[in-house]
Structures are given as C-alpha cells and as structure tokens.
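Novice: To start, I am sharing the structure in question, which I have written as structure tokens.
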Amino acid sequence: MLKIDGIVYTYYTKSIPHPYHFSLEADKGEVIGILGESGSGKSTMLDLIAGFLEPDSGSILLDGEAILPLPIERRPVTILFQQHNLFEHLSVKKNILLGISPNGKSTAETDTRISQILQEMGLSEHIDKLPSALSGGQQQRVALARALLRKKPVLLLDEPFSGLDRKTRLEMLSLVQTITQRERLHTIMVTHQTEDCELIADRVYKMKNGTLLPSNPDFLQEKA
Ligand code: ADP
Ligand code: MG
C-alpha cells in the first residue's frame, strides 16, 4: 500500500502563500487517475512524491516505510513526463541500460533483460536506433520498458501520452494497466482526459487549486 498522508507544500509569490494539500492511497496493482485544470498543481504533486520538491509536512509510506527521507535516486519511484524521457544522443539500448546499470556497462545479463523487454514491447527492431528515429508512441514505450526493468513499485505518469494520437494513446493506456496489474505497481496517472480515467483508473481524484479532492460517483460523467 502506498499511503500519502497530509502532504502540505507552500510556495510564495510576493509573500502571498500558495498552499498545496493532498492525501491519497493506492493499493498494489491499482491505477489512480488525477484530473484537473492546467496549473491546478498536478505536476507539483508528482514532483513532491518523486523528490524534486520537498513538502513542509506530511508523510508518504510505502508498505509502512517512510520514503520522504530518501534522496531522489533511492526513492522507489519512476516518473514519466510528456516528453524528454530519453537521452536523444543515445540508442534505445543505451537509454534502457542507463536505467538498470548506474555505470552504463552492459553485461550478458543486462543484454538479455533488454532484449526480452524490447521483444515484449514490440520494439526489438529498434534496439540500436536513436530516439529521434522513433515515433512519439514508440519513444514513450521505450521509456515504459526502462521503467519496468527498474522495478520501482511506484509509477508516476505526468501526462506522458497526451501528445499521442488517440489509437496509440489507448494502446499505451492498456499497456500501463497490464503492467500495473502484473507487476503489482502503485500507478498514479495525471491526465487531461476523462476518457483515460474511465478506461483504466480504479479511482479518480481531481486537483483543484492545489487541493486534491476525491472523485464523486458522478465525476466521470463530467467533462474535465
Ligand atoms: P499542472 O501540472 O496541474 O498544470 P503545476 O503543478 O505544473 O500544475 O503548477 C501549478 C502552478 O503553480 C503553476 O503555475 C506553477 O508555475 C506554480 N508553482 C508551483 N510550484 C511553484 C514554486 N515552487 N514556485 C513558483 N511557482 C510554482
Ligand atoms: Mg503538469
């Protein structure tokens, strides 16, 4: 269980405070959907969980262990952004390798793991290509493949599929759902699209002016 409890974060513009408040829980194998207008604080929330920002108070427990004291690189978290998830000057293989081997050295074991995951993701033929030679959907698939091999139990998605065409987006959502259930991940998916939540979210919250509100039963009928 991922239990985020009473996180508060405040930033100031000209001494005017802008507070954020959120709490949420995600079970293993669950996708939590986060909707909300642009500028409402969705990315800030993910940045606080990932460790790019430090909250003023509150706690985040994963299976009872506090993760806020951990530095970014030791947090049990992977985050995928809308763009720039890959190093543009490195091949698909090297991009994935950097995720699983801190010194970037390949071994027979890393080679096998990389070929297996690329095969599973339908990317085998692209192993030596640069990201720029791939479509947007394929690039995000590579980033997901790397996230999978890293085996971090918390997967944060910051609108990574919003730039893709609908068909590709739906394929990626289905992949996220499969991976989340199979690997028993806690996935928090920020999206602009109600449809994304209807399709794969087990529960939905809405971010409004920095405060996270639980979804109500009619929520999915509203247009975000
Ligand atoms: P969303 O992802 O929902 O679009 P964000 O989390 O990116 O929203 O941002 C919320 C707003 O708060 C943005 O306008 C952002 O610039 C602002 N903001 C968040 N944290 C800070 C900070 N530490 N300093 C200045 N502005 C911030
Ligand atoms: Mg954002």
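The values are calculated or read from the model by the stated rules, or taken from the named source; none is laboratory data. A quick note: this is a predicted structure, and the numbers were derived from the prediction, not measured. Heads up, the Cβs are rebuilt from the backbone with ideal geometry, glycines too, and the neighbour counts pull from every protein chain shown.
Novice: Can you tell which of Pro17, Pro102, Pro71 is within 16 Å of ligand 1 (Cβ to nearest atom) and over 30 Å from Arg169 (Cβ atoms)?
Specialist: Pro17
Novice: Give me the residue from the range 45-62 that is within 16 Å of ligand 2 (Cβ to nearest atom) and crowded, with 19+ Cβ neighbours inside 10 Å and, out of that set, nearest to Asn209 (Cα to Cα). Steps first, please.
Specialist: Taking the range 45-62 as the starting set, the residues that turn out to be within 16 Å of ligand 2 (Cβ to nearest atom) are 45-50, 52-53.
Narrowing further to those that are crowded, with 19+ Cβ neighbours inside 10 Å: 45-46, 48-49.
Details: Met45: 12, Leu46: 15, Leu48: 16, Ile49: 18 Å.
Ranking the qualifying residues of the range 45-62, first place goes to Met45.
Novice: Ok, one more. Taking the range 181-196, which residues are assigned to a helix (DSSP H, G or I) and either within 16 Å of ligand 2 (Cβ to nearest atom) or within 19 Å of Lys152 (Cα to Cα) (or both)? If you could, list the steps in order and put the result at the bottom.
Specialist: Of the range 181-196, the ones assigned to a helix (DSSP H, G or I) are 181-183, 194-196.
Result: Gln181, Arg182, Glu183, Asp196.
Novice: Which of the residues belonging to the range 102-145 are under 23 Å from Glu183 (Cα atoms), surrounded by fewer than 17 Cβ atoms within 10 Å (Cβ to Cβ) and hydroxyl-bearing (Ser, Thr, Tyr)?
Specialist: Thr112, Ser115, Ser124
Novice: Next question. Which number in (1) free of Cβ contacts under 8 Å to residues at least 24 places away in the same chain; (2) surrounded by 13 or more Cβ atoms within 10 Å (Cβ to Cβ) marks the one condition that Phe22 misses?
Specialist: The single condition Phe22 does not satisfy is (1).
Novice: I'm trying to understand the selection: among the residues of the range 138-161, which are modelled with pLDDT of 90 or more and of a type in the set (Gly, Ala, Ser)?
Specialist: Passing the criteria: Ala143, Ala145.
Novice: Does the range 143-180 hold any residues that are assigned to a helix (DSSP H, G or I), polar (S, T, N, Q) and touching a helix residue (DSSP H, G or I) at 6+ places or on another chain (Cβ under 9 Å), and which are they? Working first, answer last.
Specialist: As a first pass, look at the range 143-180 and keep what is assigned to a helix (DSSP H, G or I): 143-150, 166-180.
Right, trim to polar (S, T, N, Q) and you get 168, 174, 177-178, 180.
If the condition is that a residue be assigned to a helix (DSSP H, G or I), polar (S, T, N, Q) and touching a helix residue (DSSP H, G or I) at 6+ places or on another chain (Cβ under 9 Å), then Thr168, Ser174, Gln177, Thr180 are the ones that fit.
Novice: Separate question: Right, Leu70: away from ligand 2 (no atom under 16 Å from the Cβ) and in contact (Cβ under 8 Å) with a residue 60 or more places away in the chain or not? Reasoning before the result, please.
Specialist: Working: away from ligand 2 (no atom under 16 Å from the Cβ): yes; in contact (Cβ under 8 Å) with a residue 60 or more places away in the chain: no.
Considered against the rule, which asks whether it is away from ligand 2 (no atom under 16 Å from the Cβ) and in contact (Cβ under 8 Å) with a residue 60 or more places away in the chain, Leu70 comes out as no.
Novice: On to the next question. Name the one entry in Glu37, Glu65 that is surrounded by fewer than 17 Cβ atoms within 10 Å (Cβ to Cβ), within 16 Å of ligand 2 (Cβ to nearest atom), over 23 Å from Leu144 (Cα atoms) and among the acidic types (Asp, Glu).
Specialist: Numbers: Glu65 fails: within 16 Å of ligand 2 (Cβ to nearest atom).
After applying the criteria, what remains is Glu37.
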